[in-house]
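Novice: Sharing a structure with you now.
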Amino acid sequence: MYTLIDGKKVASEIKHEIAQEVLKLKAAGRKTPHLAAILVGNDGSSETYVANKVKDCHEVGFNSTLLRYESSVKEDFLLQKISELNEDRDVDGFIVQLPLPDHISEYRVIEAINPSKDADGFHPVNIGRMMIGLPGYLPATPFGIIELIKRYNIPTSGKSCVVIGRSNIVGRPVSILLSQKGMDATVTLVHSRTRNIKEIVSASDIVIAALGSPGFVKEDMVKDGAVVIDVGTTRVASPDAKSGFRLAGDVDFERVAPKCSYITPVPGGVGPMTRVSLLRNTLMAAQFTLVTPIP
Ligand code: GUN
């Protein structure tokens, strides 16, 4: 029998912890933590993500600001807004929701964010700090996955772990974190050009599926007793759902779960942990400066 990893429950516990910290800050006469978000255009998933982030802020007692721009916004204008948020002493951290329209460079936008306000942990300074194990802001989804593994006391030391997918925001950073001292897993990262994915996955103790392909991980790819973490959240049409779609994970849950020791559901697994990790980064930004501000 497998254990279902309840990300919703753990995220709710962490939200309570954060709310307590906010009360402590206020009692000490400090300002209320404040997260700002920039949303460009009207992509459905991005709108939902950002609306949820704003809602989460209010639940834990943070202030939030949402800046919305048309998809035709010029890159220079956006860079100017980022510079204003960098200077704004009331804003502790901010994010720019991705993806951005094609005419705007994601890299230029991310590099314009002051690393000490980079609540998403996407700036090369924070990625670099993560690489060498220095404190900094961690990307929200990898941070959430590591926290879930820790709170369920899942052993990682000496275990073989496969990460499926090499995105900058999930696959690559989670592969780094799992191989670091303290986690001590032996990590293999596989991607669309890997020849023997099935062989590698079926030999792994821990499987992190982050490729965005519904049902990719099948029962014959997973060994008995494996730990399976599903990061997929693809929207698929579902006429029965009120919204007209449902979220599909990268794992064929019904068939894979009986073989696992632990498995995350979709929804209710990694998703809520991603949201709460952004709050943790914002709280850290409000409590102290983790990265030396750029003069
Ligand atoms: N798009 C998908 N996930 C994320 C995220 O964690 N942060 C931002 N800024 N954009 C995203």
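Please treat every number below as a calculation from the coordinates, not as lab data. No experiment lies behind these values; they were computed from the predicted model shown. Note that each Cβ is placed from the backbone with ideal geometry, even for glycine, and that neighbours are counted across all protein chains shown.
Novice: Quick one: dipole size for region 67-117, taken about the Cα centre, charges +1 on Lys/Arg Cβ and -1 on Asp/Glu Cβ, in debye to the nearest 20.
Specialist: 40
Novice: What does the helix-only formula give at 222 nm for the chain: each DSSP H stretch with n ≥ 4 adding -39500 (n - 2.57), the total divided by the residues, and the result rounded to the nearest 500 deg cm²/dmol?
Specialist: -12000 deg cm²/dmol
Novice: What shape does region 118-179 have by the C-alpha gyration tensor, where a ≥ b ≥ c are the square roots of the eigenvalues, rounded means a/c under 1.5, and otherwise prolate means a/b greater than b/c and oblate the rest?
Specialist: Judged from the Cα gyration tensor, region 118-179 comes out prolate (a/c at least 1.5, a/b above b/c).
Novice: Name the residue farthest towards the positive end of the dipole of the chain from the options ALA36, PHE143, THR233, assuming +1 on Cβ of Lys and Arg, -1 on Cβ of Asp and Glu, about the Cα centre.
Specialist: Value computed over the given set: PHE143.
Novice: I would also like to ask the following. Is region 1-126 best put as rounded, prolate or oblate by its Cα gyration tensor, with a ≥ b ≥ c the root eigenvalues, rounded for a/c under 1.5, and otherwise prolate when a/b is larger than b/c, oblate when not?
Specialist: oblate
Novice: For region 1-43, what's the radius of gyration and Dmax over Cα atoms, in angstrom?
Specialist: In order Rg, Dmax, the Cα atoms of region 1-43 give 16.4, 50 Å.
Novice: Out of all DSSP beta bridges in the chain, what portion is antiparallel? Express it as a percent rounded to 5.
Specialist: Rounded to the nearest five, the antiparallel share is 10 percent.
Novice: Give the peptides 7-19, 207-219 in descending order of average Cβ contacts within 10 Å, highest first.
Specialist: Descending packing order for the listed peptides: 207-219, 7-19.
Novice: Let me ask you something else. Per residue and in cubic angstrom, what volume does the convex hull of the Cα atoms of the chain have?
Specialist: Once divided by residue count, the hull of the chain is 139 Å³.
Novice: Charges on Cβ only, +1 for Lys and Arg, -1 for Asp and Glu, centred on the Cα centroid of region 26-107; of VAL50, ASN63, PHE94, which one is farthest towards the dipole's positive end?
Specialist: ASN63
Novice: By how many degrees, between 0 and 90 and to the nearest 10, does the Cα long axis of helix 270-287 differ from the longest principal axis of the chain?
Specialist: 30
Novice: Need the full-extension length gain, ASP220 to ASP88, defined as separation in residues times 0.36 nm minus the C-alpha distance. One decimal, nm.
Specialist: Stretched fully, the ASP220-ASP88 segment lengthens by 42.2 nm.
Novice: Any idea what % of Cα-Cα pairs in region 148-268 are farther than 25 Å?
Specialist: 20
Novice: Can you tell me the length gained on complete extension of the stretch ALA28 to ARG255, counting 0.36 nm per residue apart and subtracting the Cα distance?
Specialist: Stretched fully, the ALA28-ARG255 segment lengthens by 76.5 nm.
Novice: Around PHE245, which amide H atoms from residues at least 5 apart in sequence, or from another chain, sit under 5 Å from its own amide H, with H modelled in the peptide plane?
Specialist: Amide H neighbours of PHE245: SER238.
Novice: Charges at C-beta only: +1 for Lys and Arg, -1 for Asp and Glu. How large is the resulting dipole of region 119-202 about its Cα centre, in Debye rounded to 20?
Specialist: So the dipole magnitude of region 119-202 works out to roughly 180 debye.
Novice: What aspartates and glutamates could a cross-link reach from LYS218, if we take a straight Cα to Cα line under 13 Å and drop same-chain neighbours fewer than 8 places away?
Specialist: Filter leaves GLU199, ASP230, ASP250, ASP252, GLU254.
Novice: With θ taken as phi - 60° and the coefficients 6.51, -1.76 and 1.60, list the Karplus ³J(HN,Hα) couplings across region 223-237 in order, rounded to whole Hz; mark glycine and proline as x.
Specialist: 7, 4, x, 5, 9, 10, 10, 9, 9, x, 8, 8, 7, 10, 4
Novice: If you put +1 on each Lys and Arg Cβ and -1 on each Asp and Glu Cβ, how big is the dipole of the chain around its Cα centre, in Debye rounded to 20?
Specialist: That gives a dipole near 460 debye.
Novice: While we're looking at this one, here's another question. Taking 0.36 nm per intervening residue step and subtracting the Cα-Cα distance, what contour gain separates MET131 from SER71 on full extension?
Specialist: Additional length available on full extension: 18.3 nm.
Novice: A further question follows. Give me the Å³ per residue figure for the convex hull around the C-alpha atoms of region 72-199.
Specialist: Each residue corresponds to 128 Å³ of Cα convex hull volume.
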